[in-house]
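The values are calculated or read from the model by the stated rules, or taken from the named source; none is laboratory data. Just so we're clear, the structure is a prediction, and the values are computed from it rather than from any experiment. For neighbour counting, all protein chains shown are included, and Cβ atoms are generated from backbone atoms with ideal geometry for every residue, glycine included. Protein only, heavy atoms only, side chains kept; ligands, DNA and RNA dropped before computing areas. Shrake-Rupley method; radii C 1.70, N 1.55, O 1.52, S 1.80 Å.
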Amino acid sequence: MPLEDGGAARRSGRHPCGVTGCEGTRGTPHRDEPAPRVSGTGVMAEDEEPWPELDDGDGTSGRGEEACRALQRAGSGEALMAELSERVQEVVRSSGWWERHGVDICILSCSLLALPVGFLCLRSAHAIPFLAGVLTLGVGYHTLAVKGSHLASHNALTKSRSWGKVWALFFIEFCSAFTAEQASYNHVKLHHGYTNVIGLGDSSTWKLPFLNRYIYLFIAPLAVPIITPLVALDLLRNVETRAALRTVCLMSLGLCCHYCLLRHVSGFQSPWSALLCMLVTRSLLAHPYIHVNIFQHIGLPMFAADRKPKRIQQMSLGVLNLPRNALLDWCFGHSLISCHVEHHLFPSLSDNMCLKIKPVVSQYLKEKRLPYNEDTYGSRLQLFLQKYEELMVHAPPITELVGIQ
């Protein structure tokens, strides 16, 4: 996929294979096709309808024409997905428990064990130990709340569904103060099942059109710790009473534990100073959290619900990888940063396994002349600052891929 403004993925209204921009309808009903699975390895991929690559019709548009011809030669999306799944299966089969689950469990365990150190550092009257405590709690919190919740929502921490449910409740409800049922539905069912489909999985939940670009990108993320539980409470109207009561109890317990530890272990005398510290630690990495969630989908091709491509084309077109970053890889996980394409193709794999299959996936997509979108954090931020109105205020145009049905 061609990149714009130093690498930012670009869109346009026409494609050399016959792509035109058009208006679409939200909430169009759609029936997903069965998902092909790789048995015995934990690899899973969903499938949809076949479409070619998108290009922007400039001097590099020959790549789009070549991609169309390549897809016609390669056959349907099911055949491409099956072939890629077989290659990934070989990698997963050759990996032991440590690579499949152990590495990520170790990261989460280290983050959990570091929390007492952070609380104790906050007792210090000196600036450096105090700041070290804030940093330790902030990094530890985001690792548990983002990486842990994300892996738990996909049941990527264990093969056991029962333990998977326990981890989901711990990470999503106790640590993140959100509802596990709605997190699973909105993220796994909608976002992954309908990636970049207008009105379903188009990441529109991250849009706040009434905010200008600077407030949205640099100030609003500070409110994420406050907004998250409030949104969760609102969403509880859509779950069973028993589940709602459980969620309220676990959310309250997690928030109260954080507050009480700051008061009684860290020694905060004022309730307001303890609440302020909670806000600071829980919003420490809120900016990259918001940025990553919009950078990797918005600004890429969008599809109508009744005309979306097969999964492999849909994910190669509509998902973007960012470069590796030590801090974000630790706190958010490879599947949310540098292996997001791999994660969307095989969402049940752990972060470490997504990193391991990355060379296989990237080589295969490039071999089939499918786009493998990559861009830098700075380049995407610059693009969103320049085109905020187009990307975050107005609904993105639907990309209609035609010609190779």
Limited to the range 83-123, what total is found for residues that are over 29 Å from the mean Cα position of the chain (by Cα) and either modelled with pLDDT under 95 or among the charged types (D, E, K, R) (or both)?
1
Positions within the range 74-88 being touching a strand residue (DSSP E or B) at 6+ places or on another chain (Cβ under 7 Å) and either in a loop (DSSP other than H, G, I, E, B) or closer than 27 Å to S149 by Cβ (or both), in sequence order:
S85, V88
Go through the range 364-405 and report how many residues are under 27 Å from E86 (Cα atoms), modelled with pLDDT of 95 or more and open to solvent by 40 Å² or more (accessible area, probe 1.4 Å).
1
Considering the range 277-294 alone, what residues qualify as being modelled with pLDDT of 95 or more and not β-branched (V, I, T)?
C277, M278, L279, R282, S283, L284, L285, A286, H287, P288, Y289, H291
Exception for L328 within (1) assigned to a helix (DSSP H, G or I); (2) open to solvent by 30 Å² or more (accessible area, probe 1.4 Å); (3) modelled with pLDDT of 95 or more falls at (2)
Need pairs with beta-carbon distance below 7 Å; first residue closer than 27 Å to I219 by Cα and within the range 256-281, second basic (K, R) and surrounded by fewer than 19 Cβ atoms within 10 Å (Cβ to Cβ); sequence gap 6+ or separate chains.
A274/R263
Which one of the conditions (1) more than 30 Å from Q382 (Cβ to Cβ); (2) surrounded by fewer than 17 Cβ atoms within 10 Å (Cβ to Cβ) does I219 fail to meet, given that it meets all the rest?
(1)
Go through the range 260-279 and count every residue that is closer than 30 Å to N186 by Cα and touching a Pro at 6+ places or on another chain (Cβ under 9 Å).
2
Please enumerate the residues belonging to the range 313-325 that are part of a helix (DSSP H, G or I) and either closer than 17 Å to N352 by Cβ or in contact with a strand residue (DSSP E or B) (Cβ under 7 Å, 6 or more places away or on another chain) (or both).
Q314, M315, L317, G318
